[in-house]
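A.B. asks: Dropping a structure here in C-alpha cells format, bear with me for questions.
Where a number appears in this text, it was derived from the coordinates with a stated rule and is not lab data. Only a predicted model underlies this, so the values are computations on that prediction, with no experimental measurement involved. Methodologically, a virtual Cβ is constructed for each residue, glycine included, from the backbone with ideal geometry; neighbour enumeration extends over all protein chains shown.
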Amino acid sequence: MTGLVLAVALGLGAYGVAVLEHWASTGRFRVAGPAISALALLGRESILPRKPDRLFFETAPVLLLVAAVLSLAVLPLAPGLIAADLATGALAFNAALAYVLVALIMAGWGPDGAYGMIGGWRFLGQLIAYAMLVVMPITAVAMRAESLSTVQIVASQEGLWNIAYQPLGFALFALAGMAMAFAPPFDLPTAAGDLAGGVEAEYTGVRRLVFRLGRMVLILSVASAMTVFYLGGWLGPWLPGWAWSAAKILAVASAMLLGGRMVPRLREAALLEWSWKLGIPLALANIFIVGLIVLVVPT
Amino acid sequence: MSAQLFFLAAFGLAAVWFGIVVFRTHSMVRSALALLFSQTAIGAMFLVMQAEFLGILQIMMMATEMSIMAIFMVMFMMDPGGLGEMDMKHQRKLSLGAGAVAFAGAVAVAFLAEWGRLPASIPGAAEQVRLLGLELLGRSMLIFESAGLTILTAMIAATAVAVQPPQVPDRPAGGPGAAGTHGHGGHGGHGAGGHDHSEHGDHAGQDHAGHDHSGHDHGGHDHAKHAHAKHDHEGRGQEKHQAHSGHEDHGGHEGHGEHGHAAHDQAGKDHGGQAADSDDHAGHDHSGHDHGGHDHDHGKDHGKDHGKDHRKDHGHGAERDRPAPAKAPPGQHRKGHEENGT
C-alpha cells in the first residue's frame, strides 16, 4: 500500500516538476503540456546515431531514471511514508545520485557525437565542483540529528528548522543541489545555447522521453532533499504531514527552476573556482559552527 | 538465509563478470565503467551481508572514482574508444605472471587466515555506524589520519607537478597562476624553436621604442630597469651595447636565454660582429615574451605588426632569408629585406 502511494506520489511529483519547468522557462502555465509533449515524443522516431556505443546509449537514460528514483527512496514524505528507511539514508541519497554522473558520461560517450561528449565530460568537472558542497552540509545536518537516518533528521528539526539553524549550510546545499540536478545556471552538460542540448542532443523519441523523465525525477529528488534536510520535511501545523511535504517540495522546485532562469549560465572554470576557493571553506566553517552549537547549546 | 545467500552469490558473480569484461573490451570507457559496476556489485554484496554503511560507501565512492579514472584513460590513451582496434597490451607475460601470483596469494589468504569466531548477532545498521565512528576516532585514528595526510601530500604534489612553470620556453601556455593579467602575452609563441626568430631579430637589432616593452613587464622582471624604450637600437653601434651593458646584472631571466640567444645570433650575423654584447641584450628583449604566451591571438597580431613595422621603418638586421614563421608571411619578409638592403 505504501509502495503504491509512493509510486503515485512519484508520478505526480515528476509531472508537477515538468509543468513547473515549462512555466519557469516560458512563462506559460500549462497543466496538460508535459502530457502532450510526452505523447509527441512517444510518437516520434527514436533515431540511433551512426556509430554509437549502443550499450551506453541505451543504458544512460534508464540509469539516470533509476538513480533519481533510488535517491528518492530514502527521503520520507510523512512519518511511515518512506520507501526505505535506511540508517545511512543521508549517505544513500548521495550514493544514488553519484550515478547521475555515470549516466551522463554514458549518455555523452554513447552516441559518438561531439556535443554530447563535451557535455558528458563537462558534468564530471561539475561534479568535482559540487560533490563536496553536497556532502559537507549534509554532514552538519547529520551532526545536529546525531543520525544519518532521514527520518531522524526531520525529527531533529521539531523545534527549529535547519534553514534557521544552519542557513549557511542551506545556501551551499541549495546551490550544490542545483548543480547536481544540472538546473539552469549550472546546466553545463545540456547547455542549450552553446552545446545544442549536450548530452541530450542525440536522443530522440522514447529514449529522450526517458531521459527527460529521469531529469524531472532528479529535480524532484533534489527539492525533496532540501525539504527533508533543511525545511523540516513533513513538519507543520494544521495540514497533514504529506501535504506539507508536497507543498514544500513543489515550492522549492519552483524556486529552484525560476531562480535559476534569472542568472546567466556559469562557466565551468568559474564554477570550480568558486566551489573550491569559496564554497569549501564556507562549508567547513558551517560544520565548525554547527559543531559548536551542538556542543554548547543544550538540547 | 537462503535468499541472502542467493543474492550474495548473484552479486559476487556479477562482480566477477564485470571484472572479466574490463579485459574483454577495447573501449577504455567501457573498461572503466565495467570496473565501476564490478565494484558496485561488491558494494551490493556488503549490503546483502548487512554491512550497510560500508556498502553504501563503496557504491558511492566508486561511481566518482571510476569516472575520473575513465577520463584519465581517455586523455592518455591513443585509442580510447577502441574503434581503431589498436593493440595496447604490453608486458604480457609479466602481467600474466603477476596476476597469477596475486590471485594465488588472495586465495591462500582466504583459506589460511584465521578469521576468528563468527559474531552471534550482527549489530543494527545505526549501531554499526556508531561503532565505526568510534573506531575511526579512537583506536584507528592514527592510521586513518596518516593515510589522509599521505593522500593530501600526494594531491598537493600532483597539483604542483601539473601546474606548469611559466618559464619553460617550449610551451606557449604558462601555468594557471601566471594567467590573465599580462598585458603582453603573445610572444610565448616565439619560444617554440628557432623558426620564429626573424621577428626577434627585428627586436634585437632595432628600435625597441616601437615595441612597447612596457607591456612585457611580467612577474618579477622589472623592465623599467631595463628601460627598453630608452635604448637606441637603431644605431646598432657601440652606444647600443653600452646601453645594454647594464643588463647583464639583471637577474630573473633564466630560461629565456635560448630565445634571446637565437635572436642574437641573427642580429650578430647582420651586424657583422658589432653585437659583441648583445647576448644579454637579446635575452632581455625576449625575456618578457616567454612569460606571456597566454594569448595566442594577441601574440600573432603583435608579431605581424612588429614585423611589418620593422620592415618598413627600420627593416634591417635580422636575417630574413631564414625559414619564415607562420606568423608573418614569408613574402613580406623578403620584401622587407630587399628594401632595406642590409
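A.B. asks: If you take all C-alpha pairs in the range B:9-167, what percent of them are over 19 Å apart? Before the final figure, lay out each step's value.
C.D. replies: On the way: 9129 of 12561 pairs.
Across the range B:9-167, Cα pairs with separations above 19 Å total 73 percent.
A.B. asks: Quick one: go through the range B:11-49 and flag any residue whose amide nitrogen is under 14 Å from the point 7 Å out along the Cα-to-Cβ line of B:Met86.
C.D. replies: B:26-29
A.B. asks: To continue, here is another question. Report the calculated FRET efficiency for A:Trp276 and A:Leu12 (r = Cβ-Cβ distance, R0 = 35 Å), to the nearest 0.05. Walk me through the numbers before you get to the answer.
C.D. replies: Numbers: r = 38 Å, r/R0 = 1.09.
Once rounded, the FRET efficiency stands at 0.35.
A.B. asks: When all alpha-carbon pairs of chain A are counted, what percent fall beyond 37 Å? Spell out each step's value before the answer.
C.D. replies: Values: 5535 of 44551 pairs.
Considering chain A, 12 percent of its Cα-Cα pairs are separated by more than 37 Å.
A.B. asks: Out of the range B:1-91, which GluC sites (Glu not before Pro) are coil in DSSP terms and have no more than 10 other C-beta atoms within 10 Å?
C.D. replies: Details: sites: B:Glu52, B:Glu65, B:Glu85; in loops: B:Glu85.
Counting only loop positions with at most 10 other Cβ atoms within 10 Å, the GluC sites (Glu not before Pro) in the range B:1-91 are B:Glu85.
A.B. asks: How far apart, in nanometres, would the label points at B:Ile143 and A:Val135 be if each is projected 7 angstrom from Cα along the Cα-to-Cβ direction?
C.D. replies: Here the modelled spin labels are 2.0 nm apart.
A.B. asks: So, one more: Taking the simple approach of a point 7 Å from Cα along Cα-to-Cβ for both B:Phe7 and A:Arg44, what is their distance in nm?
C.D. replies: Placing both labels 7 Å beyond Cα along the Cβ direction yields 3.9 nm.
A.B. asks: Taking the Cα atoms of the range A:142-299, what is the range of coordinates along each of the three principal axes, in descending order and whole Å?
C.D. replies: Reported extents, whole Å, longest axis first: 55, 40, 26.
A.B. asks: Can you find, among A:Trp161, A:Pro61, A:Phe29, the residue farthest towards the positive end of the dipole of the range A:2-296? Put +1 on the C-beta of Lys and Arg, -1 on that of Asp and Glu.
C.D. replies: Working it through, the farthest residue towards the positive pole turns out to be A:Phe29.
A.B. asks: Round to the nearest 0.05 the FRET efficiency obtained for A:Ala164 and B:Ser121 when R0 = 41 Å and r is the Cβ-Cβ distance.
C.D. replies: On the way: r = 41 Å, r/R0 = 1.00.
Efficiency at R0 = 41 Å is approximately 0.50.
A.B. asks: How large is the helix-only mean residue ellipticity at 222 nm for chain A, computed as the sum of -39500 (n - 2.57) over DSSP H runs with n ≥ 4, divided by its residue count, in deg cm²/dmol to the nearest 500? Display every interim value, and only then the final one.
C.D. replies: Numbers: 13 runs with 207 residues, N = 299.
When only DSSP H runs of four or more count, the value is -23000 deg cm²/dmol.
A.B. asks: Suppose R0 equals 22 Å; then what is the FRET efficiency for A:Val206 and A:Arg30 from their Cβ-Cβ distance, rounded to the nearest 0.05?
C.D. replies: On the way: r = 22 Å, r/R0 = 1.00.
Plugging the Cβ-Cβ distance into 1/(1 + (r/R0)^6) gives 0.50.
A.B. asks: Can you tell me the orientation of helix A:89-109 relative to chain A, as the angle in degrees between its alpha-carbon axis and the longest Cα principal axis, to the nearest 10?
C.D. replies: So the inclination is approximately 20 degrees.
A.B. asks: Which ordering of B:Glu127, A:Glu268 is given by a fewest-first count of other beta-carbon atoms within 10 Å?
C.D. replies: Details: B:Glu127 11, A:Glu268 17.
Sorted ascending by nearby Cβ count, the order is B:Glu127, A:Glu268.
A.B. asks: Work out the length of the dipole vector of chain A about its Cα centre, built from +1 on the beta-carbon of each Lys and Arg and -1 on the beta-carbon of each Asp and Glu, and round it to the nearest 20 debye.
C.D. replies: On the way: 17 positive and 14 negative charges, 104 e Å.
So the magnitude is around 500 debye.
A.B. asks: Any chance you could give the angle, 0 to 90 degrees and rounded to 10, that helix A:205-230 forms with the longest Cα principal axis of chain A?
C.D. replies: 10
A.B. asks: Helix A:280-296 against the longest principal axis of chain A: what's the angle in degrees, Cα atoms only, rounded to the nearest 10?
C.D. replies: Rounded to the nearest ten degrees, it is 30.
A.B. asks: Between A:Ala251 and A:Arg265, how many nm apart are label points set 7 Å from Cα along the C-beta direction?
C.D. replies: 3.2
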